[in-house]
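A.B. asks: Dropping a structure here in C-alpha cells format, bear with me for questions.
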Amino acid sequence: MADTVISLDKLKAFWNSQVHDEENWAHNMNGRFLVSAFLVPSDFHCHGIRPPEFSAILACSGNEQKLLRAAGLFAGSILLMRNYGDLMAI
Amino acid sequence: MAGLVPPVTTTIPADASKTKKADEKTDYMNLPCPIPFEEIHREALMSLKPETFEGLRFDFTKGLNQKFSLSHSVSMGPTEIPSQSAETIKIPTSHYEFGANYIDPNLMLIGRVLTDGRLNARVKWDLTDNLTVKANAQLTNEPHMSHGMFNFDYKGKDYRSQFQIGNGALFGASYFQSVTPHLSLGGEVFWAGQHRKSGIGYAGRYETDKMVATGQVASTGMVALSYVQKVSEKVSLASDFMYNYMSKDVTASVGYDYILRQCRLRGKIDSNGCTTAFLEERLNMGLNFILSAEVR
C-alpha cells in the first residue's frame, strides 16, 4: 500500500512537471509528447538531456511524422484486418 | 451365394490432386481477363470514398420507359472552394441539376445540365464484345474550362488495353496483363501537349477470394496502395495509402463497408484525423434516405 502511494506521487510529479512547466509544455506540444511521455524518463526533460536512440524520432520534421503516422496506420490496419477481421463479420 | 466383389482399382486421389495442381500451375494460356487499369482501386474506392455532402440533397429519378429516364437533383449547402492558405473556405451554394439517361445493353448515354450553365455528358458504346468506345465531356460558360475525352478500350483474352485522346493534345495509353490467376501487372503513359508534360506509371493487383491488394506508382510523384479484406459477402474492410513524393503530401485511411438488406453503412478514419460516416437506407421502393457526416 505504501509503495502504491509513492508511485502515484511520482506520477503526479511527472505530470505536473510536463504540463504546468511552461518550457516543457511548449517542448511537448511540438508533437513529441506521446513519444517522450512513454519512452523517456521524466528527468530527461527536466535536465534537457535526450537519449541518443530517441533523437532520430524527436528530430523528425512535420512531413516525416505525417508519413510515419500514415504508414503506421496503413500497415497496422492491414495486420489487424488479416488477423482479426473475421470478428467484424455479421 | 453372393460372391466377393473383386477390388476395383481406382486412381489414388492424391495423384489427381497433384495433377490438378500441376495443371493449375502451368495453365498460363487460360488466365482470367483482368479488370480495366483505371478500376484497379475500385473496391477500396467504393468502401472508402462515399459521396459525402453537406446540407440538403434531393434526388428524383423518373423512368419513362425501360431504357429512358429523367432525373432531377436539388442540393443546397456549403461548398469548399480552393484557397491558397491552409484554412478551408466554404461558401453556401445551391443548384438544380436536370439529367437524362438512356441505358441500352450496348449503348449508354447520360447527360446532366446544371443551373450555372455546366453540361456533363457521358457516352459508353460497346462496338463489339471486346471493343468499347467511351466519351465524356464537361462544357462550361467560362473560357478554356471545357474538357472532352475519348477512350477506346479493348478487352483481350487475358489483358486489357486502353487508348485516350483528350482536348489540349492529351494522349494516354494503358495496358494491364494477367500474369498469374491472381496477379495482374500493367502500366500507363500519358502526354499532355498543352502543358508539355508526360508521365509513366506502373500498377499491380493481387486478388483472391478473401482480399484484394493493389499498388500504383507514377512519375508524377504519386504512390497509391490499397488493401481490401472481404470478411464476408456483406462486410468489407479497406485501407489505403496515398503519398506524393513531390509535394510530400500523405494520407492513409481505414474504413469499413457493411452492405445489408435494407441499408449500406460506410465509415472511415484517416491519418489527418478526419472521420467520415455514410448511411444509405432504402425506406421504400424507389425511396432512399441518406445520412452523411464528416468530422475534422
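The values are calculated or read from the model by the stated rules, or taken from the named source; none is laboratory data. What you see is a predicted model, and the numbers here were worked out from it, not measured in a lab. Cβ coordinates were reconstructed from backbone atoms using ideal geometry, including for glycine residues, and neighbour counts include every protein chain displayed. Ligands, DNA and RNA are stripped out before the accessible areas are found, and what is left, the full protein with its side chains, is counted by its heavy atoms. Shrake-Rupley method; radii C 1.70, N 1.55, O 1.52, S 1.80 Å.
A.B. asks: Quick check: anything in region A:73-89 modelled with pLDDT of 90 or more, more than 9 Å from every other protein chain (Cβ to nearest Cβ) and open to solvent by less than 70 Å² (accessible area, probe 1.4 Å)?
C.D. replies: No, every residue in region A:73-89 fails to be modelled with pLDDT of 90 or more, more than 9 Å from every other protein chain (Cβ to nearest Cβ) and open to solvent by less than 70 Å² (accessible area, probe 1.4 Å).
A.B. asks: For the list (1) without any contact (Cβ under 8 Å) to a residue 40 or more places away in the chain; (2) part of a loop (DSSP other than H, G, I, E, B); (3) out of contact with any Gly (no Cβ under 8 Å at 6 or more places or on another chain), I need the number of the one condition that B:K134 fails.
C.D. replies: Just one mismatch for B:K134, condition (2).
A.B. asks: Restricting the first residue to region B:104-118 and requiring it to be closer than 12 Å to B:N136 by Cα and hydrophobic (A, V, I, L, M, F, W, C), which pairs with a second residue that is crowded, with 16+ Cβ neighbours inside 10 Å and at pLDDT 95 or above meet a Cβ separation below 6 Å and a spacing of at least six or different chains?
C.D. replies: As it stands, the answer is B:M108/B:K124; B:L109/B:V123; B:I110/B:N101, since those pairs meet every condition given.
A.B. asks: Kindly evaluate B:V217 against the criterion of being at pLDDT 95 or above and more than 10 Å from chain A (Cβ to nearest Cβ). Spell out the reasoning first.
C.D. replies: Working: at pLDDT 95 or above: yes; more than 10 Å from chain A (Cβ to nearest Cβ): yes.
Yes: the conditions hold for B:V217.
A.B. asks: While we're on this one: Any idea which residue in region B:238-254 is nearest to B:M46 (Cα to Cα), counting only those that are surrounded by fewer than 18 Cβ atoms within 10 Å (Cβ to Cβ) and hydroxyl-bearing (S, T, Y)?
C.D. replies: As a first pass, look at region B:238-254 and keep what is surrounded by fewer than 18 Cβ atoms within 10 Å (Cβ to Cβ): B:244-249, B:251.
In the following step, the residues that additionally are hydroxyl-bearing (S, T, Y) were identified as B:245, B:247, B:251.
Details: B:Y245: 25, B:S247: 26, B:T251: 17 Å.
Per the criteria, the residue is B:T251.
A.B. asks: Out of region B:83-141, which residues are open to solvent by 60 Å² or more (accessible area, probe 1.4 Å), at pLDDT 95 or above, among the aliphatic types (A, V, I, L, M) and over 25 Å from B:Q162 (Cα atoms)?
C.D. replies: Within region B:83-141, B:V113, B:L119 qualify.
A.B. asks: Considering each residue of region B:215-231, count those that are open to solvent by less than 40 Å² (accessible area, probe 1.4 Å) and either among the small types (G, A, S) or in contact with a helix residue (DSSP H, G or I) (Cβ under 7 Å, 6 or more places away or on another chain) (or both), and give that number.
C.D. replies: Taking region B:215-231 as the starting set, the residues that turn out to be open to solvent by less than 40 Å² (accessible area, probe 1.4 Å) are B:215-216, B:218, B:221, B:223-224, B:226-229, B:231.
Still in the running and either among the small types (G, A, S) or in contact with a helix residue (DSSP H, G or I) (Cβ under 7 Å, 6 or more places away or on another chain) (or both): B:215, B:218, B:221, B:224, B:226-229, B:231.
Adding up the residues that qualify gives 9.
A.B. asks: Here's another thing I want to ask about it. For region B:220-254, give me the residue count where each residue is among the β-branched types (V, I, T) and at the interface with another protein chain (Cβ under 8 Å from one of its Cβ atoms).
C.D. replies: Just the residues of region B:220-254 that are among the β-branched types (V, I, T), to begin with: B:220, B:223, B:228, B:231, B:235, B:250-251, B:254.
In the following step, the residues that additionally are at the interface with another protein chain (Cβ under 8 Å from one of its Cβ atoms) were identified as B:231, B:235, B:250-251, B:254.
Selection size over region B:220-254: 5.
A.B. asks: Another question about this same structure. Of the conditions (1) acidic (D, E); (2) within 21 Å of the chain's Cα centre (by Cα); (3) over 30 Å from B:R205 (Cβ atoms), B:E54 fails just one. Which one is it?
C.D. replies: (2)
A.B. asks: Looking at B:D116 and the list (1) charged (D, E, K, R); (2) more than 30 Å from B:Y202 (Cα to Cα); (3) under 20 Å from the mean Cα position of the chain (by Cα), which single condition is not satisfied?
C.D. replies: (3)
A.B. asks: Let me ask something additional. So which residues in region B:255-278 are touching a residue at least 24 places away in the same chain (Cβ under 8 Å), within 8 Å of another protein chain (Cβ to nearest Cβ) and open to solvent by less than 60 Å² (accessible area, probe 1.4 Å), if there are any at all?
C.D. replies: Scanning region B:255-278 gives a single hit, B:Y258.
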